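The values are calculated or read from the model by the stated rules, or taken from the named source; none is laboratory data. Because the structure is a prediction, the values reported are computed rather than measured. Note that we place each Cβ from the backbone using ideal geometry, even for glycine, and neighbour counts take in every protein chain shown. Note: areas computed on protein heavy atoms with side chains; ligands, DNA, RNA excluded. Shrake-Rupley method; radii C 1.70, N 1.55, O 1.52, S 1.80 Å.
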Number of protein chains: 2
Amino acid sequence: MNTADLGLPVDVPSTALFTDQYELTMLQAALKAGTAERRSVFEVFTRRLPDGRRYGVVAGTGRVLDAVENFRFDPDVLGFLRERKIVDEQTLTWLADYRFSGDIWGYPEGEVYFPGSPIMRVEGTFAECVLLETVILSILNHDSAIAAAASRMSSAAGDRPLVEMGARRTHELAAVAASRAAYVGGFASTSDLAAGFRYGIPTVGTSAHAFTLLHDRERDAFQAQVHSMGRGTTLLVDTYDVAEAVRTAVEVAGPELGAVRIDSGDLLLVAHRVRQQLDELGATGTRIIVTSDLDEYAIASLAAAPVDAYGVGTQLVTGSGHPTCSMVYKLVARAESTAAGAPLVPVAKKSTGGKTSIGGRKWAARRLDEYGVAEAEVIGTEAVPAELADRQLLVELVKGGTVVAREPLDAVRDRHAAARANLPLSATQLSRGEPVIPTEYVNGRTGSPAGA
Amino acid sequence: MNTADLGLPVDVPSTALFTDQYELTMLQAALKAGTAERRSVFEVFTRRLPDGRRYGVVAGTGRVLDAVENFRFDPDVLGFLRERKIVDEQTLTWLADYRFSGDIWGYPEGEVYFPGSPIMRVEGTFAECVLLETVILSILNHDSAIAAAASRMSSAAGDRPLVEMGARRTHELAAVAASRAAYVGGFASTSDLAAGFRYGIPTVGTSAHAFTLLHDRERDAFQAQVHSMGRGTTLLVDTYDVAEAVRTAVEVAGPELGAVRIDSGDLLLVAHRVRQQLDELGATGTRIIVTSDLDEYAIASLAAAPVDAYGVGTQLVTGSGHPTCSMVYKLVARAESTAAGAPLVPVAKKSTGGKTSIGGRKWAARRLDEYGVAEAEVIGTEAVPAELADRQLLVELVKGGTVVAREPLDAVRDRHAAARANLPLSATQLSRGEPVIPTEYVNGRTGSPAGA
């Protein structure tokens, strides 16, 4: 069976192929060399935040858990790997039985992160862990980038709701994940029906200029929409002349008209004029929704305008200038041998070029100041200091191959709001700056390399 | 049935939900108003290229054809729409029978485009066409953005092959589409196994720092890899000390070593040193592959370096600064009534704000100069001038609901290379500039609006 049967525009039988070829050839070489079963610890982290950003947002964890659970090599996939001669028969046999049986710990989804934060830690044999690199990074890099943009936009919007409308500006399935990440970051709803279907996110809609243009007169279009959707609907008022459209809208729907949408022009100016006109027409309860290439800066600039809700598309789904994170998945420790109980050796790339990593299995904790506000991201590889024991950030996600930390998306959304609220106030400044809290390494800055 | 059965990290039964809610509510209102069956013409175009870009690349057309063919509302989807009260029963009944039965014309995939180019034209009833807006734009906006970046990179790389390695930097399914678009734009291969499986794109792989770190000595890792993959393999030489690694690599694999990969540091400098060292060791045929946040500028800057191939990740899958296009899907003409043969009326948004469109069903042709080089993108709404009749750009893609223009991806890739080669030489300058040929409108600049 494959997804062609479902009419999806993809044809990939499982998550196992969302994988770079070298993961499989490294597996083959390690199986032959007898090193594949060495116990290994991989960590996901980022060396820096996107330029000027003050915090990152962990998103996609729930999707990672699905992907790990469903990472299986079925006969179609094995046939493809055989036909293309990507790996040998011994490796194919090994892959046919693949189920991740290790442990995954990570920052809970919605939590904030900083440079060096060990966002996820995957532990098991080298063989079972190395295969998961690509799909884990795909999900976390994409979803966290969107959630970070969403979080900044929701800070800027304050109490006004944000609607995610970006499906048309990104890959059709990335759009579904983007809606999910936007919800985590504080958006209230989405226009994307697939996101509503898959994740239960509230869906909303207004209408397009095409609907007005379909009809002989704007009035006919408004009447058709109100007749069908009720007076609480949102009418789009900028197809021809905004002032005339607002007058017609209130004539057609009465002062009970739910909302009007403005999708072009100087939104600050137009919103003020439309508010005044609506009020003069008695439609004091009619809301104003603005859309039109909004980003967090445009949203902030409309804070004093009489706007009731924002619809955001392009800038949300493209991460507002940072469409991906730079998270990496690095081997930080591995056993000396495949013997049971063989001690772990911390390992790290040592070459020049700014890509040096810190070896060793890490813990992380967020230290608070005397007012209970986050003060530092503390990371270490040895014993956790007693005063940080109850501030640790990593939680158990997968235990012996079984997912143990599923949670509803609303819990994730609430967690993000709480985590952000616990940062210093300058976290939500939109201006470019440094990470809002420093990352401190204790127990020494670097692990020992494993012999060169 | 849904994709959960397949272990995909998505759960969407068909392409019909890759749709903004307002498409369905507009349908409902138009059905009630008696306007849903008015014959309509929608066009996909962009008002501008990304800032500084000289041409765009049409990509995703083949995926659009799949999506249109599979746009169906099955019982699961209808149940969702009913439960959420998104549309009424009359509309659900209409949707249950939905099959697109209209016509689609468009620029053939791989063709270049300019501001205003009518990249795709969808014609049928308003009802059947309006529903396709979101999914068509998702696909074209994403895939064309990636293909445009790929095209610039392949120009910069000249005859040296480019490997797409960006899966980990974008959504796991966007990655598959990105590999496809990169191939259209001139890339030679991909690391993404799903793209190899789905689209037959050649797949390649090297190895990661983790593989070296897994072993007690770099030499052990190299021996394991060569033992498993043969001497033609690519060894990663920048885990510890590059010069020592190159020496070890040639000792282990002999001068028949296929390639070495450098993933960090000053690539220009390191490539020169490694080339010299390889040559001194007699490994004159060993190739050098560089990877490390490359974009088209970095690739161009390595033109004089002894580099044999480039691996590109982040910048490719994020469109090298422009992760989406700004393509829109606009109603440009519709029938006066639902009567058979009712004449088409050109329509266009008239409000201020820089979003004015040009009404009327359009043709497009590329005019050549006396040397056969492209000179202008000519667009019109009336009769095609005789001298441009055989230079028309739109081809028939779907006829009466049936896809008539499937083609192999290699044909698309070849078409792009030919189309780019036919542009003025300055098209492939990397510096920021204007579109390399102007867009000329004939038969009047604007269509008549359909009454306000």
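At-a-glance table
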item	result
7 Å along Cα→Cβ, label-point gaps from residue A:254 to other copies, nm, shortest first	9.1
For A:340-347, mean number of other protein chain Cβ atoms within 10 Å	1
Shape call, the protein assembly as shown: gyration tensor on alpha carbons, a/c limit 1.5	prolate
Degrees, to the nearest 10: B:21-33 long Cα axis against longest axis of chain B	10
Förster radius 56 Å - calculated FRET efficiency between residue A:425 and residue A:227 (Cβ-Cβ, nearest 0.05)	0.70
Cα-based convex hull, chain A, per residue volume (Å³, whole number)	165
Within the range A:373-447, GluC sites (Glu not before Pro) in DSSP loop having at most 16 other beta-carbon neighbours inside 10 Å	A:382
Copy-to-copy label separations for residue A:89, where each label sits 7 Å from Cα toward Cβ, in nm and ascending	6.3
For residue A:368, label point 7 Å along C-beta direction: distances to other copies, nm	7.4
Net charge, residue B:308 excluded, C-beta distance under 14 Å - Lys, Arg +1, Asp, Glu -1	+2
Amide hydrogen neighbours beyond the local backbone of residue A:348, cut-off 5 Å, H modeled	A:450
Leading residue at positive end of dipole, the range A:132-263 (Cβ point charges), from A:196, A:140, A:255	A:140
Given charges at Cβ of Lys, Arg, Asp, Glu: the protein assembly as shown dipole, positive-most of B:155, A:28, A:131	B:155
Between the range A:69-110 and the range A:200-274, the Cα center-to-center distance that results, in Å	52
Mean Cβ neighbour count within 10 Å, used as a protection proxy, ranking B:130-137, A:103-110, B:27-34, A:77-84 highest first	B:130-137, A:103-110, B:27-34, A:77-84
Net charge dipole size for chain B [Lys, Arg +1 and Asp, Glu -1 on Cβ; Debye, nearest 20]	1120
Those lysines that a straight Cα-Cα span of less than 22 Å connects to residue A:349, excepting residues fewer than 8 apart in one chain	A:330, A:362
Average beta-carbon neighbours from other chains, 10 Å sphere, peptide A:233-241	3
Distance (nanometres) between label positions extended 7 Å along Cα→Cβ at residue B:376 and residue B:411	3.2
Extension gain (nm, one decimal) between residue A:96 and residue A:369, 0.36 nm per residue minus Cα-Cα	93.1 nm
Unit charges on C-beta of K, R, D, E only; dipole of the range B:147-321, Debye	440
Ranking by accessible area, most exposed first, for A:231, B:47 with a 1.4 Å probe	A:231, B:47
Extension reserve of the residue A:293-residue A:386 stretch, reckoned as 0.36 nm per residue once the Cα distance is removed	28.6 nm
Cβ charges +1 (Lys, Arg) and -1 (Asp, Glu), total dipole of the protein assembly as shown, debye	820
J(HN,Hα) series, the range A:58-70, from Karplus relation 6.51 cos²θ - 1.76 cosθ + 1.60, nearest Hz, glycine and proline x	6, 9, x, 3, x, 6, 4, 4, 4, 5, 5, 4, 9
Cα-based shape type of the range A:346-429, given that a ≥ b ≥ c are square roots of the gyration tensor eigenvalues and the cut on a/c is 1.5	oblate
Accessible surface ranking that places the most exposed of B:85, B:330 first, with a 1.4 angstrom probe	B:85, B:330
In order through the range B:269-281: 3J(HN,Hα) via Karplus (6.51 cos²θ - 1.76 cosθ + 1.60), integer Hz, x for Gly, Pro	5, 5, 4, 4, 5, 5, 4, 4, 5, 4, 4, 5, 7
Stretchable slack from residue A:48 to residue A:395, in nm (0.36 nm times residue separation minus alpha-carbon distance)	122.7 nm
Fraction of beta bridges assigned by DSSP in the protein assembly as shown that are antiparallel (%, nearest 5)	65
Peptide-level mean, for A:316-329, of C-beta atoms on other protein chains within 10 Å	4
Modelled FRET efficiency - R0 56 Å, residue A:404 with residue A:269, Cβ distances, 0.05 increments	0.55
The protein assembly as shown - mean residue ellipticity at 222 nm from DSSP helices (-39,500 (n - 2.57) per run, n ≥ 4, rounded to 500)	-10500 deg cm²/dmol
